1. Roughly how many Å² is the accessible area per residue of the range 1-96, as a whole number, for a 1.4 Å probe?
2. Sticking with the crude label model, points 7 Å out along Cα→Cβ, report the distance from L117 to I178 in nm, one decimal please.
3. Which option, [x] 0.97; [y] 0.93; [z] 1.00, is the value of Rg/Rh (Cα atoms, Kirkwood Rh) that was calculated from these coordinates?
4. At 0.36 nm per residue, minus the direct Cα-Cα distance, what do Y124 and W151 gain on full extension? Give it in nm, one decimal, please.
5. Pop the C-beta distance of A10 and A77 into the FRET formula with R0 = 30 Å and round what comes out to the nearest 0.05.
6. Given points 7 Å out from each Cα along the Cα-Cβ axis, report the A69 to R41 separation in nanometres with one decimal.
7. Using the Cα centre as the reference, give the magnitude of the dipole from point charges on the C-beta atoms of the range 12-101 (Lys, Arg: +1; Asp, Glu: -1; all else neutral), rounded to the nearest 20 debye.
8. Can you find, among L165, S96, T130, the residue sitting farthest towards the positive end of the charge dipole of the range 30-178, where Lys and Arg contribute +1 and Asp and Glu -1 at Cβ?
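The values are calculated or read from the model by the stated rules, or taken from the named source; none is laboratory data. Predicted model, so just to flag it, every value in this text is computed and none were measured. Neighbour counts run over all protein chains shown; Cβ positions are idealised from the backbone, glycine included. In case anyone asks, the SASA skips ligands and DNA or RNA and just uses the protein heavy atoms, side chains included. Shrake-Rupley method; radii C 1.70, N 1.55, O 1.52, S 1.80 Å.
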Amino acid sequence: AGALAAILLAVNPLHLHFGLSALSHAGSACFSVWSMLALWRWRRNGSAAAALAAGALAGYAVSIRYTDALLFLPAAALLADRWRERRAAGAPVADSATVRSAALLAAGALLAVLPLLAQHWNAYGSPFRTGYGLCGESTGFGWNWFQDNVWLMLSKMDNGGLILLFPLGLAGLLHLAI
């Protein structure tokens, strides 16, 4: 499945465009994929280094494209799954291994994002104000924009060479979640 996904991405004209242009999508995708690999490695063996790397790589991806903050959803899901698994095995509610892993994930992300927050504070007067506000593009991160454009976004995810991949991937994610 992984090889098929890599082949489909390699021949997708939209993905090729992002890889060959000066846009941030290729770098964002690279750090996102490596973050997910480190996260799965942490989930498999509980490695502190993998937890720290997963957080740092996800944090760096967020510093490239802010929407990559969604990478913290799989991390939260895997932390909850690990906590549930360890509770079923008789671990205490405040399981120290899970708490330590959560702290390492958060510390890695924070270390990667701190320089960006410091730059924003210096340049814009607040760590949470960005250059997007200067061009009005920050409206694209709001709930109203999402509500007005949800069907457009869903149709765009199904175009550009992803006609079969998006629905199948979405069905696969729902199957895994259920």
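1. For the range 1-96, the solvent-accessible area averages 60 Å² per residue.
2. 3.9
3. [z]
4. Here the answer is 6.4 nm.
5. Here the calculated transfer efficiency is 0.60.
6. For A69 paired with R41, the spin-label model returns 2.8 nm.
7. Dipole about the Cα centre, nearest 20: 260 debye.
8. With unit charges placed on the Cβ atoms, the residue in question is S96.
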